[in-house]
1. Can you pull the one-decimal nm distance between simple spin-label points at L158 and T265, each 7 Å off the Cα toward Cβ?
2. Quote the FRET efficiency, to the nearest 0.05, computed for E424 versus D77 with a Förster distance R0 of 45 Å and r equal to the Cβ-Cβ distance.
3. If I model a spin label at E213 and S394 as a point 7 Å from the Cα along the Cα→Cβ vector, what separation in nanometres do I get?
4. So what is the relative contact order for the stretch 216-306, in percent, with contacts set as C-alpha pairs under 8 Å and at least six apart?
5. So, in nm, how far is label S232 from label T57 when the simple model puts each one 7 Å beyond its Cα toward the Cβ?
6. What ranking do 258-270, 71-83 get when scored by the average of other Cβ atoms within 10 Å per residue, highest first?
7. Which order do the peptides 417-423, 17-23, 211-217 take when ranked by the mean count of other beta-carbon atoms within 10 Å per residue, highest first?
8. How long, wide and thick is the stretch 185-261, going by the Cα atoms along their three principal axes, in whole angstroms, largest first?
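Every read-out reported here was derived from the displayed coordinates using simple, explicitly stated rules and does not represent laboratory data. The shown structure was predicted, so the numbers you read here are calculated from the model rather than taken from an experiment. Heads up, the Cβs are rebuilt from the backbone with ideal geometry, glycines too, and the neighbour counts pull from every protein chain shown.
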Amino acid sequence: MSPAFGAMEVEHYSKGVLLEPFVHQVGGHSCVLRFNDKTICKPLIQREHQFYETLPTEMRKFTPQYEGVVSVSFEEDEDGNLCLIAYPLNGDHDNLENLDNSDCEPKSKLLRWTNKKTVLLENEKLSKEWVRQHRKEEKMKSHKLEEEFEWLKKSEVLYYTVEKKGNISSQLKQHNPWSMKCHQQQLQRMKENAKHRNQYKFILLENLTSRYEVPCVLDLKMGTRQHGDDASEEKKANQIRKCQQSTSAVIGVRVCGMQVYQAGTGQLMFMNKYHGRKLSVQGFKEALYQFFHNGKYLRRELFESVIKKLTELKSVLEKQESYRFYSSSLLIIYDGKERQEVAVDSDPEDLEDLSEESSDESAGAYAYKPTASTVDVRMIDFAHTTCKYYGEDSVVHEGQDTGYVFGLQNLIDIIKEIRDENSE
């Protein structure tokens, strides 16, 4: 066991970890949950699990790190709130070796909240009438949130103002519409099946956004074909129609979701898959431009890194014999909060109150200037991936996934076009 993961952490985890919505999920229909700051989890699908356990070494740098499997149960706290709790799989702690568990939310946190409320009522001898009124107000607040959520689900593009102080993830808990939608649907599915089943397996994966202060995330559905070999005729026809009516059929890629920070207004812009499906090729290019634009200027310093990584990924996939990544996505992630540097001869005392808003001409020699930002490019979602090494598959493909590679090449070309059209 890792020295960083001691007996206290294992004991803490064995009592259950409260799973929360992963607020930076911008696409996909599978619910992604936060296990801790560096780890997310999602329902285990056997084909995807097999992919992560057998993927080629050269592909690992382009996929999230696989960190094991947990058992997740659907539970209610004493107030009747529904929640998902993660436990070690069959009491086995082997899959915890590489996990930093110090920032998990313990299940007992819910019970502590409830106990505090009970003590408060007893000590102050509050009347039953006050309790009834309080519950009525809470229900009204809950109803208002549900109405707001329904409106958010219908909005294909929306903006949310980010407070300058405070953690971005905590601010988004009630405002990322796609994350909220997926979490609500997952709870509903598990609630409906609660009488027959209350234990589910989830896989643990690296949280790709953890190193970014304000993650800007682009989710791209890759390839000219989305349906798996095992799809029903109805599912197959539906997926073919979606491809034909979007940029997937033309350029092998379409927007599945987007979250981008607008520094000019201090807002996050969200775009969902329904808007992405409607885009023409020119609209797709404009969406890419928007993803790399912070509301003030184009983040040109990101282009070379993105192009380099996409080109390297394309080279790796061209060598993958028989793999087909049907319905998988590609994430491009960078930090909307730029790291800044100042003049070498600047007096530290003069810079204490200097914010990035002072990056205009009046800031003079003390003006901040942007530095190169780290960009991440990763493949995700492998529920319909197939390969000749998957012995149970009836269909065996030969050669590279030409639809995916076609989409990558077009993506590279379009980003190069944006770069060249907007060079200084």
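1. Result for the modelled spin labels: 1.4 nm.
2. On the way: r = 56 Å, r/R0 = 1.24.
Calculated value: 0.20.
3. The two pseudo-label positions are separated by 5.5 nm.
4. Relative CO of the stretch 216-306 lands at 27 percent.
5. With each label point 7 Å from Cα toward Cβ, the separation is 4.3 nm.
6. Numbers: 258-270: 20.2, 71-83: 15.2.
Output ranking for 258-270, 71-83: 258-270, 71-83.
7. On the way: 417-423: 13.0, 17-23: 22.9, 211-217: 20.4.
Peptide ranking by packing, descending: 17-23, 211-217, 417-423.
8. 45, 43, 19
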